[in-house]
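Reviewing the structure listed below.
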Amino acid sequence: MSTPTEPRSAPRRIGRLEPAALAGVMSRDVAIFGRYWKATTFSSVVQPTIYLLAFGLGFGSLVHTVAHVKYVPYVATGVVATAILFSSAFPGMFNTFVRWQFQRTYDAMLAAPVDVEELITAEMLWVSLRAGVYGLAPLLVGIAFGLQPEAGMLLVPLIGFVTGFGFVGFGVTIAAVAKTIDNFNYITSAVLTPMFLVAGTFFPVSNLPDGVRQAAQVNPLYHCVQLVRDASLGGLNTADLGHGAVLLVFAVLMWRVAIWSLGKRLID
Amino acid sequence: MQVVSGQARPLRTVSEVSDEREQPNLYPDSGGAAAISMRGVHKRFGGITAVDGLDLHVPSGVCFGLLGPNGAGKSTTMRMLTAQTLADEGQIAVLGYRLPGESKQARLEMGVVPQLDNLDVELTCRQILTVFARLYRVPRSERSMAVERALGIANLEPRADTIVRELSGGMRRRLLVARGLIHSPRLVLLDEPTVGLDPQVRQELWSLIDGLRASGVTVLMSTHYIEEAERLADTVAVMNQGKIIAQGPPGELVSAHAGEQVLEVYGAPEKLAAVSQLASEGGWQSRRSGPAIAILRAETLDGSAPDGVLRPANLEDAFVALTGEDIE
């Protein structure tokens, strides 16, 4: 938002990123979540279960260890990252588009004392908090499949939150530039799905050709997978600081890009 | 576009009204009374000029009607008052706050009822009102009281816990109004508040709007329903092609732009064409009025006028006289 042409003292002036505005926007998300939490929880448990059945037990009978890790723990930790990706990038795209274009919820909120920055930040915070918590679901399923509980797993919600914040920002940005909701298919097939190939979710990137290995370095999902795996399997090391730093930069960058790109569309 | 303007007999033309506007009160605490002040406001979307040098001054405590045909720029004007559309040029102050820099403070103190339904269909009435009570910073201790009060205003108490999707169109519109009033604002913007509603609901909303005005709330209402403006507004501004082309109390606008009486001449199309011809030859101001030709200022006609039905002039006559008959 721009500033007034002539500055003057405004006694009751309210600032940027006010907690009250963020809480207000998020209270709406909480109310809606109250209606859908069962479906959300169901799918976030069933999905990793199927992955673990298919890859862990299916492939696991052929492949016993990958990169010195047993295959079930390897897949379980990989699925955490995919769960985080899906539970943040998709709401970023679809919820944003629906609320903005179809339901005009954002128009309604921006007529209240809520700025674009607050609106988008609050939406991103909510989605990424949820992604962080639901990132634990595959680990719980994994534990049921024999994964050893580790103290480092408690870091997963935090890793999920930071990664989710970046991916929801990515989703919001896509929603801001998409002409129709069908455009999201391109992003899903051309961007999100290929991310799996170079993230070390189901197989390590170290066996891949050189160029693809380089690509992994700029793939936030790869860094998320590494961090989740090291934290959950008790192998945290100094390289994880680098992974964490990449995720933080990604999150902050996407936050600003999301506000900038959707802000341009919301305020004309 | 044909504009049959009553320039010869102005009562309160834009230029006169703008005299009062020389010193808009930008600071509410200094005691003046401008709820809304817009000066020289322009807004273009690509090659289209939506608002073209708009001057608008809404004093505190009145119900102000913004009347204009579709595409006149009313909705753009409304959106500019919440800084959801930013002006290319000009100055806007709302409740003493300059936009867009201080718009958040202005939005805190005003309520908005949009033209298009933007309710959350998945939530209940109570949930929606509670969310907006938070957004409008209603203190926690007063929130549930504010929600109950808003439900009462909208007569929605029995539906408080119904999901919006299951409400009728009229109920949804009432909920939209209640949402805009949740924080007891001192200025309310109503954008086409009764569009698409049946007469019963419309009457109900009208009395609600009248009640707001009676309680000292400033109301800016855009509408293209003439009757709505005529009944509710203390002052009406007629907007056309992005500008205010006339402004005043409805009665004054009518007599200034349509006279006191209107003669309606009915007949077959050929007859109407002839009457129309006769009117333009005689220099009478006329317009098509459904199946008739309406000759304005019938009180000034001499014996040469055709037979017809005399009726009092109304705001619709003035409106068509001001904005022209052609549909864009």
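Every read-out reported here was derived from the displayed coordinates using simple, explicitly stated rules and does not represent laboratory data. None of the values given here were measured: they were computed from a predicted structure. Cβ: placed from backbone, ideal geometry, glycine included. Neighbour counts: every protein chain shown.
Observations on the structure shown:
- Take each peptide in B:152-159, A:69-76, count the other Cβ atoms within 10 Å of every residue, and average; sorted highest first, the result is A:69-76, B:152-159.
- Selected from A:ALA83, A:ALA54, A:ALA199 as most flexible by GNM, with chain A as the system and alpha-carbon contacts under 10 Å: A:ALA54
- Between helix A:220-232 and chain A: long-axis angle, C-alpha atoms, 0 to 90°, nearest 10: 60
- Computed over chain A: relative contact order in percent, which uses C-alpha pairs under 8 Å that are six or more apart: 25
- Cβ-Cβ FRET estimate between B:ARG231 and B:ASP117, R0 fixed at 22 Å, reported to 0.05: 0.40
- With the helix formula -39500 (n - 2.57) applied to DSSP H stretches of n ≥ 4, the protein assembly as shown reaches a computed 222 nm mean residue ellipticity of -15000 deg cm²/dmol.
- The order of the peptides A:203-213, B:236-246, B:55-65 by mean Cβ neighbours within 10 Å, most packed first, is B:236-246, B:55-65, A:203-213.
- Among residues other than A:LEU139 with Cβ under 12 Å from its Cβ, the summed charge is 0 (Lys and Arg +1, Asp and Glu -1).
- The mean number of Cβ atoms from other chains found within 10 Å of a Cβ in peptide B:114-121 is 4, as a whole number.
- Top of B:LEU190, B:LEU108, B:LEU129 by mean-square fluctuation, Gaussian network on chain B, Cα under 10 Å: B:LEU108
- Given their separation in residues at 0.36 nm each and the Cα-Cα distance between them, A:HIS64 and A:VAL252 gain 63.8 nm when the chain is fully extended.
- Nonlocal amide H pairs with A:VAL66, under 5 Å, H built at 1.01 Å: A:TYR71
- Averaged over peptide A:100-111, the number of partner chain Cβ atoms lying within 10 Å of each residue's Cβ comes to 6.
- Helix axis angle, B:169-180 relative to chain B longest principal axis, alpha carbon, degrees: 60
- Helix B:140-153 and the longest principal axis of the C-alpha atoms of chain B enclose an angle of approximately 30°.
- Spin-label pair A:LEU57/A:LEU208, simplified geometry with 7 Å Cα→Cβ offset, distance in nm: 2.9
- Peptide B:90-103 shows a mean partner chain C-beta count of 3 within 10 Å per residue C-beta.
- Percentage, to the nearest whole number, of Cα pairs in the protein assembly as shown over 36 Å apart: 49
- Residue with peak Gaussian network fluctuation, chain A [Cα springs, cutoff 10 Å], from A:ILE120, A:ILE187, A:ILE174: A:ILE187
- Relative contact order, percent, chain B [alpha-carbon distance under 8 Å, six or more residues apart]: 23
- Model label zone, A:ASP268; criterion: amide N under 20 Å from point 7 Å along Cα-to-beta-carbon; scope the range B:54-73: B:54, B:68-73
- Taken over chain B, the percentage of Cα pairs per 20 Å bin, counting from 0 up to the bin with the maximum distance, is 30, 52, 17, 1.
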